[in-house]
Every structure is written in C-alpha cells, then in structure tokens.
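Take a look at the structure set out below.
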Amino acid sequence: MVQTRNSVVTALLSDSRDALYRPVSRIMRRDQWERLYAEDIEAIQRLKQQCNAVILAHNYQTPEIFHCVADIRGDSLALARAAQNVRADVIVIAGVHFMAETAKLLNPDKTVLIPDAAAGCSLAEGITERDVLSLKQANPGVPVVTYVNSSAAVKAQSDICCTSGNARKVVESLGVPRVIMIPDEFLARNIEAETGIEMITWPAHCEVHERFTPQEIRQYRRVHPGVKVMAHPECPPSVLAEADCAGSTAQMSHYIKEHNPQKILLVTECSMSDNLAAEFPETEFVRPCNLCAHMKRITLPTIRHALETMQTQVDIPQDIAANARRAVERMLAV
C-alpha cells in the first residue's frame, strides 16, 4: 500500500512524540503528557534549532523540563562546568537568576536568557556587596569563599566560589585555618564540622532546606524502616546528624547509581526525587515535599516565550563581571 504524504508526516510526528515522551514514561501518563506538555515541548525543540540555543536545567526542575527539553542537566557545579564549553549562540537557564549570571560570566559574548527574571534565591538575596565588605574589614586577610548561590556583585568581592558539591575541596585548597564562608550559614557549619577549619559565617539560609527538622527525619524512619536518608548540606547540622550521609544533588544521583538502595529519602527539594525516579525505577523514593517556589517559576510556557522573544537577557556590568568571573574560574580550576 502506498502511503500518502499526509500519512507519512503523521507517522513521523508520532515517532517524534514517542521519543519525546519516553524519558518520562515511567512517571507520567501519556494522556496527561499530551494534554499538558506536548505542544510546548515540540515548539521548544523547534525553537532551539532555529535559534541555535541550548537549555541548561538544574536538578530541581520539573520532569517535563528536566527530561523532555533540557540539553544539559545537573547541579550548580555541573552547569557551571558545562557553560564553559557551550557552542550554541543562546543559553537558556532553566534554574534561578544566579545560575544565569554564572553562565553569562563564563560566556560573556553569548545571549543568556532567564525565562522568568523573578526566579530568585533566598541565599542570593540574603547578602549584599556591602555586607561582604563589612566582613572583610572586620577580618582582614581572611579569604572569602562564596557559595555560587549569590549575586555577581557578591562574587566580585570574593576570593573564590564554591558549590555544595565541591565546598570542602575548595576550602581545604586554601590551606588556611580560618575562612569567611558566605552566604549559607548551614553549609559553612557543616563544612566546618568536616574539616576543622574555622568558619566566619553569615546568617542566610535556603528557604527550602532550612524547613527540614531532625524530628521529621526520625518520623520518616519510623514509618519506613530501613530507609536510607541522604541530606543536602544546606540543611541544618542537626538534620545532617540524623542522615546516613550528606551530599549535593549530583552526589545524591551518584549514590543511588553506585549503591542501588531499595528505598531512599532525599532531604532536598522534591523535584529531585521526581527526576531520579524516572532514571532509577528499581528504587522507591520516600518524598518529603518542600518545593522551591523560585525554581517553579520556570515552566515550559516561560521557556517557550523566552526563545520566541529572546527575553529576559542577563547582562552584568563589566566592572563587576571581571572580578566575579575570576572567583568562579578559580573554583572551576580546583
């Protein structure tokens, strides 16, 4: 039987949709995916080709973004490293604003888009350039290690940056007994406990991770005997004390791949478990659901609109960018 042109096109489109749906087939019904997401996903895939664009997605993005449109996925460190080698003309950050600034620092000649400029971060908003200058004046000669969850202006006042995945390595690389570590107080205290290096801290916290409590972890253990508990180092030290281990989102993924736990509780933003459930169907994920409202401002429609309009573009003043870039590059060199 000879197929008509329309039937051939229909078959090709069906094959294409099958491929786009497949990564989330274990965690999402096909009819739900078709109704809510398919049109935007197909449009975004076309727009990426037309604009020579790539999408970098953080681990806290929802599955339809993380698995269906993202070209590069990972934690802040992985995205920062990947941003160094992007060959596209346009970079879309499916994450929050400081991540888009980091991508721009490492790609000053490329167009970097944040689909929603209001996608912020409680840590980045918890400290200012003036605050860092005050800390430096009060502690002359003490190096400043700044978590990447910070503005470019704050990074510009720093000696080196770090992420939750490489914080210990960065701090120990300095070879000093005392460090100013900002802005996340809990991350600094947790690294202090690991290294014995004295931390001068700042009282800023992640609005997602600060809500977890030791009592909550103990209750999950009672309801789910034998569950492995892995906590993000942005959690309070008392929460890490209740966990089996701690690690960044990338380290969480690596732990599951390496150890294949039967049941695990990831003490972090809940989209992390959603995304890993698609990758590791043999593991049962116990899901404490603390959402990051900022991350959830990034949606398929906002990504599509960003590519259609080339908005919102991220720009950093040159006098800030040079010093901030140096701090990020020092981190990536460790």
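The values are calculated or read from the model by the stated rules, or taken from the named source; none is laboratory data. Keep in mind that what you see is a predicted model, and the values were worked out from it rather than measured. Glycine gets a Cβ as well: all are built from the backbone with ideal geometry, and neighbour counts include every protein chain shown. Keep in mind that these areas ignore ligands, DNA and RNA; they rest on the heavy atoms of the full protein, side chains included. Shrake-Rupley method; radii C 1.70, N 1.55, O 1.52, S 1.80 Å.
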Between beta-carbons, use under 10 Å as the cut-off and find the net charge around I197, counting Lys and Arg +1, Asp and Glu -1.
-> -2
Calculate, for the chain, the solvent-accessible area per residue in square angstrom, rolling a 1.4 angstrom probe over the heavy atoms of the protein chains.
-> 45 Å²
In the neighborhood of V112, defined by Cβ-to-Cβ distances under 15 Å, what is the net charge if each Lys or Arg adds +1 and each Asp or Glu adds -1?
-> -1
From the backbone phi of segment 226-235, what are the Karplus-calculated ³J(HN,Hα) couplings (6.51 cos²θ - 1.76 cosθ + 1.60, θ = phi - 60°) in whole Hz, Gly and Pro given as x?
-> x, 5, 7, 10, 10, 10, 6, x, 7, 6
For R73, which sequence-distant residues (separation of 5 or more, or a different chain) have an amide H within less than 5 Å of its own amide H, given hydrogens modelled in the peptide plane?
-> A57
Kindly point out which whole DSSP H helices in the chain project their C-alpha atoms 18 angstrom or further along the helix axis while averaging a Kyte-Doolittle hydropathy of -0.5 or above.
-> 5-21, 318-333
Residue separation between R35 and C289 times 0.36 nm, minus their alpha-carbon distance, gives in nm 89.0 nm
Long-range amide H partners of K228, meaning residues 5 or more apart or on another chain whose placed amide H is closer than 5 Å, are K263, I264, L265
Across P236, P140, P177, the residue with the highest GNM fluctuation in the chain (Cα network, 10 Å cutoff) is P140
Env charge @ R326, Cβ radius under 13 Å, K,R +1 / D,E -1, value 0
For the chain, Cys with no neighbouring Cys Cβ under 4.7 Å | C51, C68, C121, C161, C162, C206, C235, C245, C292
Per DSSP H run of n ≥ 4, the term is -39500 (n - 2.57); total these for the chain, divide by its residue number, and report the mean residue ellipticity at 222 nm rounded to 500 deg cm²/dmol.
-> -13000 deg cm²/dmol
Rounded if a/c is under 1.5, else prolate if a/b is larger than b/c, else oblate: which is segment 151-281, with a ≥ b ≥ c the root eigenvalues of its Cα gyration tensor?
-> prolate
In segment 5-120 the accessible area split gives carbon plus sulfur, as whole percent at 1.4 Å, a share of 46 percent
Potential extension, Q45-A118 segment - 0.36 nm per residue separation minus Cα distance = 23.9 nm
List the relative contact order of the chain as a percent without decimals, with contacts defined as Cα pairs under 8 Å and 6+ residues apart.
-> 22 percent
Take the chain, compute every pairwise Cα distance, and split them into 10 Å bins from 0; I just need the percent in each bin.
-> 6, 25, 31, 24, 10, 3, 1, 0, 0
Using alpha carbon centroids, what distance separates segment 246-281 and segment 34-104, in Å?
-> 21 Å
DSSP bridge pairs, the chain: antiparallel proportion in percent, nearest 5 | 5 percent
Heads up, segment 85-229 by the C-alpha gyration tensor (a ≥ b ≥ c square roots of eigenvalues; a/c under 1.5 rounded, else a/b over b/c prolate, else oblate) looks oblate
For R221 and L174, compute 0.36 nm times the residue count separating them, minus their Cα-Cα distance, and round to one decimal in nm.
-> 13.1 nm
Cross-link table K136/K228; K48/K169; K104/K296; K104/K257; K263/K296, entries beyond 29 Å C-alpha to C-alpha = K136/K228; K48/K169; K104/K257
Separation between the D89 and E198 pseudo-spin-labels, each 7 Å from Cα along Cα→Cβ, expressed in nm?
-> 5.5 nm
